[in-house]
């Protein structure tokens, strides 16, 4: 049933989030130019036509987000869910952290990490200040601010982009049941979220798949602690959270019905990117589904080349240039996946791929 008031409320909320994100970035840029001009990045000017197309692409994403909720793919409450009071209280901390970020940018220091970090516990590529973020991904302070910082970066569209995973997963479940013996069809699917971070993707999945057995894995114990705080507020079974490396998943072969992965691949060097896809293939059961969401690329969104270049220049993203030119479908094929499909939604590209069933062509 159509809900015009609900749709109006959603559009109003999103417009407010978008304006707040734009206002924050504009003020931050002006203050940095005044207080730390040496930290200012040399960005590529975007033509008015490109800015208009970005806006249209964002509007299309939000329209699709509302329509899929209205169709019942996920509860409409997800569209309004957010730790609003918590983010409001933490927002001053974002500004208090800005001088440290400007300083790191000025010094070109991308290895400014907590002293108590044991580098032997992490791959070398992980030990960096991605986005010039204080402590990288290795402190509770970083984890507490991360979701709010990403909301600002994407003008409040981050969860809408994450929810693009849901339709492929829901489509896959009936196909999975058809391949199972009758006695196993009632078993809840096991879905693993790789690089789960603070658990925002798991939160979306819980809303759409309340009976699924959800698992999340991440390298950062600090981010997993934050994920546990967010997810423990939800009704139902608490997702299982595991600290570990996506390049060597601590799960048995064929133990998952689906694997999701959001905003990870662009932060990995090529070899690690392939290793993660290989591991996802290994832990999936035959017929299982992998759904990836990450940045758009030059091949699918050449009109946004300038925006991609600015993202790389404004934020420390050492592997992004390589990622936007990488052939992800080819990597999925190398891992063994088939039925590879891709769609772009605003600044996010979503791929789905299936592990073949034995004997399938």
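The values are calculated or read from the model by the stated rules, or taken from the named source; none is laboratory data. Given the structure is predicted, the values throughout are model-derived calculations rather than measurements. Using ideal geometry, Cβ is built from the backbone for each residue, glycine included, and neighbour counts are taken over all protein chains shown.
Taking the stated definitions as given, is residue 266 modelled with pLDDT under 95 and either closer than 30 Å to residue 52 by Cα or surrounded by 20 or more Cβ atoms within 10 Å (Cβ to Cβ) (or both)? Lay out the reasoning, then the answer.
Working: modelled with pLDDT under 95: no; either closer than 30 Å to residue 52 by Cα or surrounded by 20 or more Cβ atoms within 10 Å (Cβ to Cβ) (or both): yes.
The answer is no for residue 266.
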Which one of these does residue 329 not meet: (1) over 15 Å from the mean Cα position of the chain (by Cα); (2) part of a loop (DSSP other than H, G, I, E, B)? (2)
By residue number, the members of the range 49-91 that are in contact with a helix residue (DSSP H, G or I) (Cβ under 8 Å, 6 or more places away or on another chain) and without any contact (Cβ under 8 Å) to a residue 12 or more places away in the chain are 69
Determine which single condition residue 128 fails, assuming it passes every other condition in (1) buried (at least 18 other Cβ atoms within 10 Å of the Cβ); (2) within 30 Å of residue 353 (Cα to Cα). (2)
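Just to verify a result, which residue in the range 150-160, among those that are touching a residue at least 40 places away in the same chain (Cβ under 8 Å) and not in a loop (DSSP other than H, G, I, E, B), is farthest from residue 349 (Cα to Cα)?
Of everything passing the filter in the range 150-160, 152 is farthest from residue 349 (Cα to Cα).
Yes or no, residue by residue, for (1) in contact with a helix residue (DSSP H, G or I) (Cβ under 7 Å, 6 or more places away or on another chain); (2) at pLDDT below 95:
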| residue | (1), (2) |
| --- | --- |
| 124 | no, no |
| 136 | yes, no |
| 145 | yes, no |
| 175 | no, yes |
| 180 | no, yes |
| 189 | yes, yes |
| 196 | yes, no |
| 210 | no, yes |
| 225 | yes, no |
Subset of the range 134-145 (residues that are under 21 Å from residue 102 (Cβ atoms), touching a residue at least 60 places away in the same chain (Cβ under 8 Å), buried (at least 19 other Cβ atoms within 10 Å of the Cβ) and within 17 Å of the chain's Cα centre (by Cα)): 137, 142
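Could you check how many residues of the range 215-232 are in a helix (DSSP H, G or I) and either more than 16 Å from residue 136 (Cβ to Cβ) or outside the structural domain of residue 264 (by TED's automatic domain parsing) (or both)?
To start, the set of residues in the range 215-232 that are in a helix (DSSP H, G or I) comprises 221-231.
Those left that are additionally either more than 16 Å from residue 136 (Cβ to Cβ) or outside the structural domain of residue 264 (by TED's automatic domain parsing) (or both): 227-231.
Residues in the range 215-232 being in a helix (DSSP H, G or I) and either more than 16 Å from residue 136 (Cβ to Cβ) or outside the structural domain of residue 264 (by TED's automatic domain parsing) (or both): 5 in total.
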In the range 10-48, the residues that are free of Cβ contacts under 8 Å to residues at least 60 places away in the same chain and under 20 Å from residue 99 (Cβ atoms): 23, 26, 27, 29, 30, 33, 34, 37, 40
Just wondering, is there one or more residues in the range 253-260 that are touching a helix residue (DSSP H, G or I) at 6+ places or on another chain (Cβ under 7 Å), farther than 21 Å from residue 171 by Cα and either surrounded by fewer than 24 Cβ atoms within 10 Å (Cβ to Cβ) or not assigned by TED's automatic domain parsing to the domain that holds residue 346 (or both)? yes
Can you say whether residue 163 is over 29 Å from residue 345 (Cα atoms) and either modelled with pLDDT of 95 or more or part of a helix (DSSP H, G or I) (or both), as far as the supplied structure shows? no
